[in-house]
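Heads up, the thing below is written out as structure tokens.
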Amino acid sequence: MTANPGSDLNQQALRTDVSGMPLEWISYRQAVRFYHLDVVAYTCGALLYEVHGGINAITGKRSIVEVNSIIATRGNVKGIHKIRQHYLAPLNNTALFKRDGHMCLYCGNKFRSKLLSRDHVTPISRQGQDAWNNVVTACRRCNNHKAGRTPEEAGMELLAIPFTPTHAEYVYLQGRRVLADQMKFLLAHFPRTSPLHDRLSREMNTLV
Ligand SMILES: [Zn+2]
């Protein structure tokens, strides 16, 4: 399997179900496999890469698969809407820092991931949960200053209210490098009232 020179094979494609609900990020190998399994219903977005396969023994022609940035697949989606309703995104720091735009929600400064930490708004020692709606991104300094106290006790103010991402939002948060067309597509599935919807819409507008 070879690809066109110049195409970036590290770029992931966004897989959706046949109704266009975002499912996951897939590598070019997974994308090609879906084509070979003949489960690709349609594609949208830009052409990511052309992957050249083996030579057909009968026709003598080399197979070429064109992979787009968004791929809708058939099958294996039974009950997925039900799952999504009760979906709870797993909590991890990479997704958490991305949810908060790599900004410390106490001092408002942006930091690299290495310098950030997970702060429990209501501390665990006070029965606070290790859950999306009780955790925020905080720089080390603010986290140390706050220590085992609530924001009120520490005289600190939260710049945003922590929220639990929906399934579509979590797909976005897991993306390593999200292309503009994939972003636009995902954004359409975010709740209108979501802070992430607001922030990313603004970012998209500055790109245009
Ligand atoms: Zn801070």
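The values are calculated or read from the model by the stated rules, or taken from the named source; none is laboratory data. From a predicted model like this one, the values you see are computed outputs, not experimental measurements. Glycine also receives a Cβ, built like all others from the backbone with ideal geometry; neighbour counts cover every protein chain displayed.
Some observations on this one:
- Subset of segment 125-153 that is hydrophobic (A, V, I, L, M, F, W, C) and more than 16 Å from the ligand (Cβ to nearest atom) - its residue that is surrounded by the most Cβ atoms within 10 Å (Cβ to Cβ): W132
- Filter result for A168 (touching a residue at least 24 places away in the same chain (Cβ under 8 Å) and closer than 15 Å to E24 by Cα): yes
- Residue match in segment 72-86 (condition: buried (at least 19 other Cβ atoms within 10 Å of the Cβ), within 24 Å of F190 (Cα to Cα), within 18 Å of the chain's Cα centre (by Cα) and at pLDDT 90 or above): yes
- Pair list, Cβ under 6 Å, 6 or more apart: segment 138-158 residue over 23 Å from K98 (Cα atoms), other residue part of a helix (DSSP H, G or I) and more than 8 Å from the ligand (Cβ to nearest atom): G148/S125; A154/K146
- Residue count for segment 21-71, restricted to those that are crowded, with 17+ Cβ neighbours inside 10 Å, within 15 Å of L179 (Cβ to Cβ) and not aliphatic (A, V, I, L, M): 8
- Residue within segment 196-204 that is assigned to a loop (DSSP other than H, G, I, E, B), closer than 30 Å to L47 by Cβ and either modelled with pLDDT under 95 or assigned by TED's automatic domain parsing to the domain that holds I70 (or both) present: no
- Residue check for G108: near the ligand (Cβ under 9 Å from one of its atoms), among the small types (G, A, S) and modelled with pLDDT of 95 or more: yes
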